[in-house]
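A.B. asks: Below is one structure. I have some questions about it.
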Amino acid sequence: MSLSLQILQHVPVNNYVLLAAMLFCIGVFGVLFRRNTIIVLMCVELMLNAVNLLMVAFSAMHNDPGGQIFVFFIMAVAAAEVSVGLAIMVLIYRNSGSVDIDLLNKLKG
Amino acid sequence: MNTLIAIAGIGIVAMIADILRIRKIIFPVAMAGLAIAAFTAVSDWNTNTRYFNDMMFFDNYAAAFSLLIVVIAIIWFVMAVPDLKTGNHYSDKSALVAFSLAGSVVMVSFSNLAMLFLGIEILSVSLYVLAASNKNNLLSNEAGFKYFIMGAFATGIFLFGVALIYGACGTFNLQEINAFVATNKSDLSGQMYTGVLLMIIGLSFKIAAAPFHFWAPDVYEGSPTTITAFMSTIVKVAAFGALYRLMAGCFSQINEWWTTVFIILSVVSMLVGNIMATRQSSFKRLLAFSSISHAGYMLLPLLTLSDLTGTSLLLYGAAYAFASIGIFSLVSVMSENDDESIDSLNGFAKSHPIKAILFSVLLLSLAGIPPLAGFMGKYYAFYAALKSGNTSIVLIAIISSLIGVYYYLQVIIAMYKPTGHTSASFRFTIYQNIVLWTCFLITLILGIFPQLIIGWL
């Protein structure tokens, strides 16, 4: 067993869960309450990275590499998702000259 | 498995066709590829093969849902091809649609939570681009961005649930999780229940079930009409396929617990969807709310897990999707006039008497009038809910489908009203005529012979 794994397992897993849950909640509140779309995008990333942290912690706890492989999937998908999101934001900026989320209220019934 | 390869092949050919400047071949290639995909889905019947170290499992359930998705995709492609051809990005859009379809096939045939996650993302990321594909229209951009933020948000919640379940079980494999739940049924930790709840919430965003529906009307209205048709049919069928596969394959041992969650989702979706739909003046927005209410009905078969659950879900999905695509062919003609209000349909019956009858039949099928497919779908859904002993839920479902009849009839009445002062002209292409007649025939046949689908799985 490698030293890094031992160090990871030395910290009780509850602390990792708590930290990940806190990061996740910061992300959720950011998505719901921030008005700048770039900050919103960063908060979505924060949510996904909280999940990554949790996955790695559980992976070390179970001594099972599956969780770490899942983290690679999440990182790759998150990168693809952000590139699409930024492209859509560039479109919005070209058409409206701003990235404020309050401008996006044209669709109302 | 070959279904997936054929569909991904369409996407790759469509992208290369743009480089080689042979855009004309995209439509024939897509049709041929989808036909091959349908054929391979049929040939996968009863093979029950596991692929990629048990990452994917093509059982009959996966084959049936893949076939349904591919057939809907064929009809959708015929409907959408005039719209895709106008504008600059014919090949890109076709490729994105094909990749999105590949994602939906992964979603109904996963056997590992990692594949479920990848399927959802392959489906969604392509759709974010497609929703915003009307580049110079701010409404389309807004729809794309809202869909993106809500989709990413839902993915985050879903993944947090996956991580918690992984923490509790130490595996992502569906069978192993099921075995873990079965052996530790009495002392499952709160972590496990939280994980399941978060996963249900994440998937509820995708099926647009209330109270996680708030993005749907805006996104459906702002996106190009053909993409709206794609989102409200194929995505919904795939997401329900994934939801049932997840709940039945993974957490069937604790179904008393998650049934309560589904009852709440179902009742709220039916009421919110139907009541809000009565207040809409835009036809596209009305269909968005009606799709929310149909998500509520489609949750009913999940309340009890029996042999009939999968097939009644399949039948409802087919009835809903074919009727919707037929109606969306009318909406796509309306969007060419830049007027999607229900009032703009006035005088439609006078100028297109036969089409008015066909559209009325499709709308009545969505409302659930016998002997059409929508009625049989609702019948089996309500029957399943009754068998689970939730009589009050069925009562609410019947009342809300009565509200549904009211607003679908309003559209039909609008079509048969005499022309107002502005008479819009409706130009149907040959593609839309084919789609309309096909959807009409399927709706009629499935309504009279529901056993074509019921009893297969």
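A.B. asks: Using the Kirkwood radius over Cα pairs, work out the Stokes-Einstein diffusion coefficient for the range B:2-454 at 4 °C and 1.567 mPa s, in µm²/s as a whole number. Let's see the in-between values first.
C.D. replies: Numbers: Rh = 22.0 Å.
Stokes-Einstein gives a translational diffusion coefficient of 59 µm²/s.
A.B. asks: Among the helices of chain A (complete DSSP H runs), which have Cα atoms covering no less than 24 Å along the helix axis and a Kyte-Doolittle mean of at least 1.0? Walk me through the numbers before you get to the answer.
C.D. replies: Working: long enough: A:13-33 (30 Å, 2.09); A:37-62 (38 Å, 1.84); A:66-96 (44 Å, 1.57).
Length and hydropathy pass: A:13-33, A:37-62, A:66-96.
A.B. asks: Provide the net charge surrounding B:ALA384, with neighbours chosen by a C-beta distance below 13 Å and charges set as Lys +1, Arg +1, Asp -1, Glu -1.
C.D. replies: Details: positive: B:LYS378, B:LYS387; negative: B:ASP307.
Here the count lands on +1.
A.B. asks: Which FRET efficiency, nearest 0.05, do A:SER2 and A:PHE29 yield, Cβ-Cβ r, R0 35 Å?
C.D. replies: Between A:SER2 and A:PHE29 the formula returns 0.45.
A.B. asks: Quick one: check the C-alpha center-to-center distance for the range B:29-84 versus the range B:325-372, whole angstrom.
C.D. replies: What the calculation gives is 29 Å, centre to centre.
A.B. asks: What trypsin sites (Lys or Arg not before Pro) in the range B:1-71 are in a loop by DSSP, with at most 16 other Cβ atoms within 10 Å of the Cβ?
C.D. replies: For trypsin sites (Lys or Arg not before Pro) across the range B:1-71 that sit outside H, G, I, E and B with at most 16 neighbouring Cβ atoms in 10 Å, the list reads B:ARG21.
A.B. asks: To the nearest 10 degrees, how steeply does helix B:26-43 sit against the main Cα axis of chain B, on a 0 to 90 scale?
C.D. replies: It is inclined by approximately 40 degrees.
A.B. asks: Provide B:MET55, B:MET376 in ascending order of the number of other Cβ atoms located within 10 Å of each residue's Cβ, fewest first.
C.D. replies: Least crowded to most crowded, the residues run B:MET55, B:MET376.
A.B. asks: Another one. What are the ³J(HN,Hα) values, in whole Hz, obtained from phi via the Karplus relation 6.51 cos²θ - 1.76 cosθ + 1.60 with θ = phi - 60°, for each residue of the range B:195-201 in sequence order, with x given for Gly and Pro?
C.D. replies: Karplus-based 3J(HN,Hα) across the range B:195-201 equals x, 4, 4, 5, 5, 4, 4 Hz.
A.B. asks: Compute the separation of the alpha-carbon centres of the range B:127-148 and the range B:379-457 and state it in Å as a whole number.
C.D. replies: Using only Cα atoms to place each centre, the spacing works out to 28 Å.
A.B. asks: Which residues among the range A:39-76 fall inside the zone where the amide N is under 18 Å from a point 7 Å beyond the Cα of A:ASP100, along Cα→Cβ?
C.D. replies: Counting backbone N atoms under 18 Å from the label point, the list is A:39-41.
A.B. asks: Let's test this: bin the Cα-Cα distances of the range B:8-125 at 5 Å from zero up to the farthest pair and state each bin's percent.
C.D. replies: Taking all Cα pairs of the range B:8-125, the binned fractions are 2, 12, 20, 22, 18, 12, 8, 4, 0 percent.
A.B. asks: Report the residues of the range B:250-280 in range of a label on B:LYS185: point 7 Å along Cα→C-beta, backbone N strictly under 12 Å from it.
C.D. replies: It comes to B:252-257, nothing else.
A.B. asks: If you average the C-alpha positions of the range B:179-217 and of the range A:26-45 separately, how far apart do those two centres end up, in angstrom?
C.D. replies: If you average the Cα positions of each part, the centres end up 23 Å apart.
A.B. asks: Turning to a different aspect of this structure: Test of understanding: ordering B:LEU188, B:LEU441, A:LEU41 by Cβ neighbours within 10 Å, fewest first, what list do you get? Don't skip to the end; give the middle numbers.
C.D. replies: Values: B:LEU188 17, B:LEU441 12, A:LEU41 24.
With the sparsest Cβ surroundings first, the list reads B:LEU441, B:LEU188, A:LEU41.
A.B. asks: May I pose another question? Which order results if B:THR391, B:THR443, B:THR171 are arranged by neighbouring Cβ count within 10 Å, fewest first?
C.D. replies: Details: B:THR391 9, B:THR443 24, B:THR171 19.
Least crowded to most crowded, the residues run B:THR391, B:THR171, B:THR443.
A.B. asks: In terms of the ratio Rg/(2.2 N^0.38 Å) built on C-alpha atoms, what value belongs to the protein assembly as shown?
C.D. replies: 0.94
A.B. asks: Given H placed 1.01 Å from N in the peptide plane, which residues other than close sequence neighbours of B:ASN112 have an amide H under 5 Å from its amide H?
C.D. replies: B:LEU174
A.B. asks: Classify the range B:299-363: rounded, prolate or oblate, from the alpha-carbon gyration tensor (a ≥ b ≥ c, eigenvalue square roots; a/c under 1.5 rounded; otherwise prolate if a/b is larger than b/c)?
C.D. replies: Judged from the Cα gyration tensor, the range B:299-363 comes out prolate (a/c at least 1.5, a/b above b/c).
A.B. asks: What net charge do the residues around B:GLY170 carry, taking every other residue with its C-beta under 13 Å from that of B:GLY170, with Lys and Arg at +1 and Asp and Glu at -1? Could you put the intermediate results ahead of the total?
C.D. replies: Details: positive: none; negative: A:ASP64, B:GLU176.
Here the count lands on -2.
A.B. asks: Which shape class, rounded, prolate or oblate, goes with the range B:220-359 when its Cα gyration tensor gives a ≥ b ≥ c as root eigenvalues, a/c under 1.5 marks rounded, and past that a/b bigger than b/c marks prolate?
C.D. replies: prolate
A.B. asks: Quick one: in the range A:3-103, what % of C-alpha pairs are over 15 Å apart?
C.D. replies: 67
Where a number appears in this text, it was derived from the coordinates with a stated rule and is not lab data. The model shown is predicted, which means the values in this text are computed figures rather than measured ones. When we count neighbours, we look across all protein chains shown, and the Cβ atoms used for this are built from the backbone with ideal geometry, even at glycine.
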